[in-house]
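As C-alpha cells, the structure follows; a few thoughts come after it.
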Amino acid sequence: MKVMLTAASAALVAGAALAVPAAHAQSAAVVSPSATPAVHSRLDDIVKSGTLRACATGDYKPYSYRRPDGQVEGIDVDLVASLAKSLGVKPVIVPTTWKGLMDDFTAGKCDIAVGGVSVTLDRAARAYYSNVVMVDGKAPIVRCADVTKYQTLADLNKPSTRVIANPGGTNERFARQYLPNATLTIYPDNVTIFKQIVDGKADVMVTDASETMLQHKLNPSLCPVNPDKPLQFGEKAYLLPRGDDIFKQYVDQWLNLAQKTGEYQRVVDKWLK
C-alpha cells in the first residue's frame, strides 16, 4: 500500500512538473510580441524631422536642373515633392555630383537620391534601388547633318570620331567601355556640354535616350540617333538606404500609385512634351 501511494504521489508530482513549462510557454507566447523592439527606419526619421532630403546633381535635364537663380527643377524634383507631400513633410534638394553621388548618399547626406540615376550593379552593392522609374538606354546625339554618319557602335568607335562625355557617371563609363578607339574628351559641365557639339568642338555624345530627345527640343540643330533602339539597355530608379525595407516598401507603393493614377505620366509629359 505504501508503494502504491508513493507511485501515485510521484505521478501527481510529475504531472505538475509537466504543467509548469506549458504555463510558462503560454505566458511567453503572450509576452513575446510586445517585448520585440520596433524596427527603426529612415521613414520615421523623415517624418520626425519634417523634411525629405533628396540628393540630385542639378545638371541633368529633364530630371534635375539648377537654374541660374538657384532653384532646382525637373521631373524628379516634382516627383520628390509628391513623395514628400504624401508623408506630410517638406522636400529639400541636396546638391551632389555624379562622381560623388554614392559617397554622399552612403554618408547619410540625403534620404533618397534622384535625378535620372541609372541602375548599375556597383551602386546596387552599396544601396537599395526603388522599383524602376523609367526604362531607358544609351543613344548618340549628333549634329542633325551627321545622323546617317553615326548609326552603329562601329561608326562611333573610330579615332576620327570626337566623343564627349560628362565625368563620373554612366555616360563616361559607356564611352570608355564601348568606344575605346574614339577620341574622348571628358567635359566637366553637363549643362553646356551639348553646345560643344553645336559649335563643332565635338561630334557625338552618348547619353540616355530621354535626354537626347529633350536636347533636340532645346537645340533643334542636334538630333538623337535611333533613340527608340538604344545602344545599351538601361533603367532608372531612386537610390534608397541599404537594408531599410520599410522605407523602400513605402517609396515603392507611392511610386506604384503615382504610376497607376497617371500622376507620374503627367509630370513626365510636362517636361518632355
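The values are calculated or read from the model by the stated rules, or taken from the named source; none is laboratory data. If you're wondering where the values come from, they're calculated on a predicted model, not measured in any experiment. Cβ sites come from the backbone with ideal geometry, for glycine too, and all protein chains shown count toward neighbours. Accessible surface is based on the protein model in full, side chains and every heavy atom, while ligands, DNA and RNA are left aside. Shrake-Rupley method; radii C 1.70, N 1.55, O 1.52, S 1.80 Å.
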Only one of Pro95, Pro68, Pro140 that is open to solvent by less than 30 Å² (accessible area, probe 1.4 Å) and over 14 Å from the mean Cα position of the chain (by Cα): Pro140
Boolean, Thr148 is hydroxyl-bearing (Ser, Thr, Tyr), without any contact (Cβ under 8 Å) to a residue 60 or more places away in the chain and surrounded by 21 or more Cβ atoms within 10 Å (Cβ to Cβ): no
Residue in the range 39-53 that is open to solvent by 60 Å² or more (accessible area, probe 1.4 Å) and at pLDDT below 95 present: yes
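State which residue is most open to solvent (accessible area, probe 1.4 Å) when the search covers only the range 152-171 and only residues that are under 23 Å from Asp199 (Cβ atoms) and either of a type in the set (Ser, Thr, Tyr) or in contact (Cβ under 8 Å) with a residue 60 or more places away in the chain (or both).
Taking the range 152-171 and keeping what is under 23 Å from Asp199 (Cβ atoms), we get 155-156, 158-167, 169, 171.
Remaining after also requiring either of a type in the set (Ser, Thr, Tyr) or in contact (Cβ under 8 Å) with a residue 60 or more places away in the chain (or both): 160-161, 166-167, 169.
Values: Ser160: 91, Thr161: 3, Asn166: 8, Pro167: 48, Gly169: 9 Å².
Ranking the qualifying residues of the range 152-171, first place goes to Ser160.
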Residue check for Asp122: surrounded by 15 or more Cβ atoms within 10 Å (Cβ to Cβ) and either free of Cβ contacts under 8 Å to residues at least 40 places away in the same chain or within 24 Å of Asp199 (Cβ to Cβ) (or both): no
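For the condition in contact with a helix residue (DSSP H, G or I) (Cβ under 8 Å, 6 or more places away or on another chain) and more than 22 Å from Leu52 (Cβ to Cβ), what is the one hit in Ala113, Ala165, Ala145? Before the answer, list the steps.
On the way: Ala113 fails: more than 22 Å from Leu52 (Cβ to Cβ); Ala145 fails: in contact with a helix residue (DSSP H, G or I) (Cβ under 8 Å, 6 or more places away or on another chain).
One residue alone meets the criteria, Ala165.
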Out of Leu218, Leu257, Leu231, Leu239, sole residue that is open to solvent by 30 Å² or more (accessible area, probe 1.4 Å) and under 20 Å from Asn131 (Cα atoms): Leu257
Given (1) within 25 Å of Ala139 (Cα to Cα); (2) open to solvent by 50 Å² or more (accessible area, probe 1.4 Å); (3) in contact (Cβ under 8 Å) with a residue 60 or more places away in the chain; (4) more than 17 Å from the chain's Cα centre (by Cα), index of the condition Glu263 fails: (1)
